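For reference, the structure is listed below as structure tokens.
The values are calculated or read from the model by the stated rules, or taken from the named source; none is laboratory data. What you see is a predicted model, and the numbers here were worked out from it, not measured in a lab. Keep in mind that these areas ignore ligands, DNA and RNA; they rest on the heavy atoms of the full protein, side chains included. Shrake-Rupley method; radii C 1.70, N 1.55, O 1.52, S 1.80 Å.
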Amino acid sequence: MEGMPGLIEVWTLPVSPAVLQDHSLPKLLSSEENLRINRFHKPEDRARYIVAHVGLRSILDQYFAIHKESQTFDRTRAGKPFLVKARGNDPIYFSLAHSGALVLIAVSRDMEIGVDVEAMDPTIDLSDATAFCTPVEISWLSRLQVSQRISALYRIWTIKEALAKAQGVGLRISLVEISVDLSAPDRPEVRHAIFPSRPWFVEELKAPLGYASAIAGLTNQAMVRQLDASFHDGELLSH
């Protein structure tokens, strides 16, 4: 990452039940995180949490050279997590998202970022979309064929979530206040009037079939590099 200003790296990690058999992974997490794991009733939820949070620690270890077990996290007043020991050092920004059997972790040295991923539910209805879509978006979606509509709906959702997370506001705003136009020829057009007037960009990510994902950053433009990784014998390996 060094020497490449404007670079965002997005790591994709699969969630496998096998991580529950690797008892070395929870040892890398804090006592609070382990308590959280024990509150999950479903094995897939426990596996997803382990992959996400051990993965985050492993990736930040690579960028910061701060041992995984020594990392301490806190949250801003708006709820955005940050690495405590990074304060006062060269900054590093990250964002975490997970859905279904995927975890996405985005990292940058230059800008606030937000990443989102959603596993598509083929039974979702337009009435469910009113919570995050504008009336104009709903009208446009209603004119699409059902197969196209589901994909477009999730694309809109992930773009809005990524931008809100990059801005550090999370669920403090209504996503209806952000407008996404997927009919633009080159890339989606995103409009809003609720964030400070500073530069930002949004880009859709390559995702496996049945998923939608997007990355946003507070910059005019950025280069996005996607990486695949998985756990093997307690270590996170890129491939």
Would you grab the residues whose amide H sits under 5 Å from the one on residue 195? Only those 5+ places off in sequence or on another chain, please, with H modelled 1.01 Å from N.
none
In Å², nearest 10: area of residue 125 left accessible to a 1.4 Å probe:
80 Å²
What fraction, in whole percent, of alpha-carbon pairs in the stretch 1-105 exceed 17 Å separation?
56 percent
Restricted to pairs 8 or more residues apart or on different chains, the lysines in the chain with C-alpha atoms under 27 Å apart form a number of pairs equal to 16
Classify the stretch 1-44 as rounded, prolate or oblate from the Cα gyration tensor: take a ≥ b ≥ c as the square roots of its eigenvalues, call it rounded if a/c is under 1.5, otherwise prolate when a/b beats b/c and oblate if not.
prolate
For residue 187 the rounded accessible area (nearest 10 Å², probe 1.4 Å, non-protein molecules ignored) is 120 Å²
Amide H within-cut-off set for residue 205, under 5 Å, with H built and near neighbours excluded:
213, 214, 215
For the stretch 68-75, just list the computed ³J(HN,Hα) in residue order, Karplus coefficients 6.51, -1.76 and 1.60, θ = phi - 60°, integers in Hz, with x standing in for Gly and Pro.
3, 6, 8, 6, 10, 10, 9, 10
At a probe size of 1.4 Å, how large is the accessible area of residue 39, to the nearest 10 Å²?
150 Å²
Counting only C-alpha contacts under 8 Å and six or more residues apart, can you give the relative contact order of the chain as a whole percent?
23 percent
